[in-house]
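Here, each number is a calculation from the coordinates, and none is a lab measurement. Only a predicted model underlies this, so the values are computations on that prediction, with no experimental measurement involved. Positions of Cβ are backbone-derived with ideal geometry, glycine not excepted, and every protein chain shown enters the neighbour counts.
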Amino acid sequence: MIDDPWTPLRLASGAVAQNRFVLAPMTTDASDPGGVVTPEELAYLRRRAMSGFGMALSSCAYVHDDGRSWYGIGAAGPEHDASLASVAQALKAGGGLGVLQIYDGGRISRPAMVGGGRMRAPSAIPSARPGAETPRAMDETEIEALIAAFGAATARAIAAGFDGVELHGANHYTLHQFSSPRANRREDGWGGDRDRRLRFPLAVARAAREAAGPGRIVGYRITPFEPEPDGYKLDDALALVDRLAQTGMDYIHVSLDNFRLQQPQREDRSYLVPSAPTGSDGRSPIAAIRDVVAGRCAVIACGGVRTVDDARDALAAGGDLVAAARAPLVDPDWLAKLRDRAEGDITTGLPQDRDAIAERCAIPPLMVDYLLGRPGWIPREGA
Ligand SMILES: Cc1cc2nc3c(=O)[nH]c(=O)nc-3n(C[C@H](O)[C@H](O)[C@H](O)COP(=O)(O)O)c2cc1C
């Protein structure tokens, strides 16, 4: 087991990360309405990538117009190609690997964005978010089309200069919804028992692996268990992970709000109520996933990493790589300060003043509004 986060890592496809630090995916909600990246977003990404992450992940990019949850970047058609190329360039500006995260929103798409009647999901069951609308159930043709859309977005990413893609199978998006007995109540070949619920995520993984081609990265982000009653359990996630490793994934990215508390994101996105880790029966999901993949691919630990000691602990918990989101969001020079042993200089909270957040933290103004709209999520100065 490696405990020095500055050591390089060679992934299964052959790509090499120069160190174990990963810039975690962060949606900005600040792209233009057509899914094209803005200059402010590029500046925000480049500034963080320049500090030398081994791998930098983009904000999540939609693969299909009917599954948009954010005013974020798209990877859904040729209208996005130039935008994707500039995102790839920004993410690779610090010499690290650049990976595009791709998603579909399903029942957590934003109704105002996808239009009446187009919000679709595995089953016609609303999400646990307050005021959620009921989606319609996808038919088989739509399911096949969505698998193809993930493949096409992967091909687009590679052509744009990314080193690979990460499939967003976590945080209650469509890939997660198909895996979940809460969200997937289908009675055809795409739902029912666990094997049938896993059929869609595995088909997407195969499509992405094929579209990426040899030497390119395909990773999968997973919520390791659902904190909600009747959700899937760690053992269900482990069954998926085992088969993803067989499908040639380069890594499994374990999405937790805090890796030490084993705390996954709740579907209602309440950041003020901690999730009780009931679905893992007290086991560490990161260690359990590491044991199942058994060296076939890497494991990324994420959640609550702020210091080099945190990173070492995340590696000791079973990660091969360690991702951080809020720390480099708040302080764009976070990683450079860790490397320079200047931890005491790291800014740990967003300023109270809205304009100061945009200016001092190099965050697009529309993203600032989105961050401030969710109290308790991002630490603030003087709080
Ligand atoms: C502003 C913001 C946007 C996020 N957007 C995404 C996203 O697009 N895709 C994703 O998988 N996770 C997203 N996350 C979750 C983070 O990647 C990460 O899992 C979470 O913040 C816990 O890590 P941290 O404690 O280092 O912040 C987002 C987090 C933040 C703070």
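Taken about its Cα centre, the stretch 285-383 carries a charge dipole of about 280 debye when Lys and Arg each add +1 at the Cβ and Asp and Glu each add -1 at the Cβ.
Summary of packing: across the peptides 19-31, 184-196, 234-246, the per-residue average of other C-beta atoms within 10 Å ranks them, highest first, as 19-31, 234-246, 184-196. Between THR7 and ALA132, full extension at 0.36 nm per residue minus the direct alpha carbon distance yields a gain of 40.5 nm. About its Cα centre, the dipole of the chain is roughly 300 debye, where the only charges are +1 on Lys and Arg Cβ and -1 on Asp and Glu Cβ.
Pick out, from LEU42, ALA311, ALA287, the residue whose Cα sits farthest towards the positive end of the charge dipole of the chain, with +1 on the Cβ of Lys and Arg and -1 on the Cβ of Asp and Glu. Final value for the positive-end residue is ALA287. Backbone geometry of the stretch 99-115 corresponds, through the Karplus equation with coefficients 6.51, -1.76 and 1.60 at θ = phi - 60°, to 3J(HN,Hα) couplings of 10, 8, 8, 10, 8, 9, x, x, 6, 10, 5, 8, x, 5, 8, 9, x Hz, x marking Gly and Pro. Using the Cβ-Cβ distance between ARG110 and ASP230 with R0 set to 25 Å, the FRET efficiency from 1/(1 + (r/R0)^6) comes to roughly 0.50. Dipole check for the stretch 193-248: with +1 at the C-beta of Lys and Arg, -1 at the C-beta of Asp and Glu, and the Cα centre as origin, the magnitude is about 360 Debye.
Pairs of Cα atoms nearer than 8 Å and 6+ residues apart set the relative contact order; for the chain it is 16 percent.
7 Å from Cα along Cα→Cβ at both ARG339 and ARG260: what's the point-to-point distance in nm? About 2.6 nm separates the two model spin labels. Taking a ≥ b ≥ c as the square roots of the eigenvalues of the Cα gyration tensor, the stretch 92-183 is classed as prolate, since a/c reaches at least 1.5 and a/b is larger than b/c. Averaging the Cα positions of each part gives two centres, and for the stretch 141-164 and the stretch 333-349 these lie 36 Å apart. Quick one: length gained pulling ARG194 to GLN352 fully straight, 0.36 nm per residue minus the C-alpha distance? Separation in residues times 0.36 nm, less the Cα-Cα distance, equals 52.2 nm. Ranked by how many other Cβ atoms sit within 10 Å of their own Cβ, fewest first, the residues THR38, THR154 fall in the order THR38, THR154. Over the residues of the chain, the helix contribution to mean residue ellipticity at 222 nm works out to -9500 deg cm²/dmol, using -39500 (n - 2.57) for each DSSP H run of at least 4.
Shape class of the stretch 262-337 from the alpha-carbon gyration tensor: oblate, with a/c at 1.5 or above and b/c at least as large as a/b. Sites listed here are GluC sites (Glu not before Pro) in the stretch 101-173 whose DSSP assignment is loop and whose Cβ has at most 15 other Cβ atoms within 10 Å: GLU133. For the pair GLU210 and THR141 in one chain, pulling the backbone fully straight at 0.36 nm per residue adds 22.8 nm over the alpha carbon distance.
Of all DSSP beta bridges confined to the stretch 9-372, the antiparallel ones make up roughly 10%. Let me check against my output: what whole-number percent is the relative contact order of the stretch 102-159, with C-alpha pairs under 8 Å and at least 6 apart? Computed over the stretch 102-159, the figure is 29 percent. Indicate the gyration tensor shape class of the stretch 9-372 (rounded, prolate or oblate), computed on the Cα atoms with a ≥ b ≥ c the square roots of the eigenvalues: a/c under 1.5 is rounded; otherwise a/b larger than b/c is prolate and the rest oblate. Rounded, since a/c falls under 1.5.
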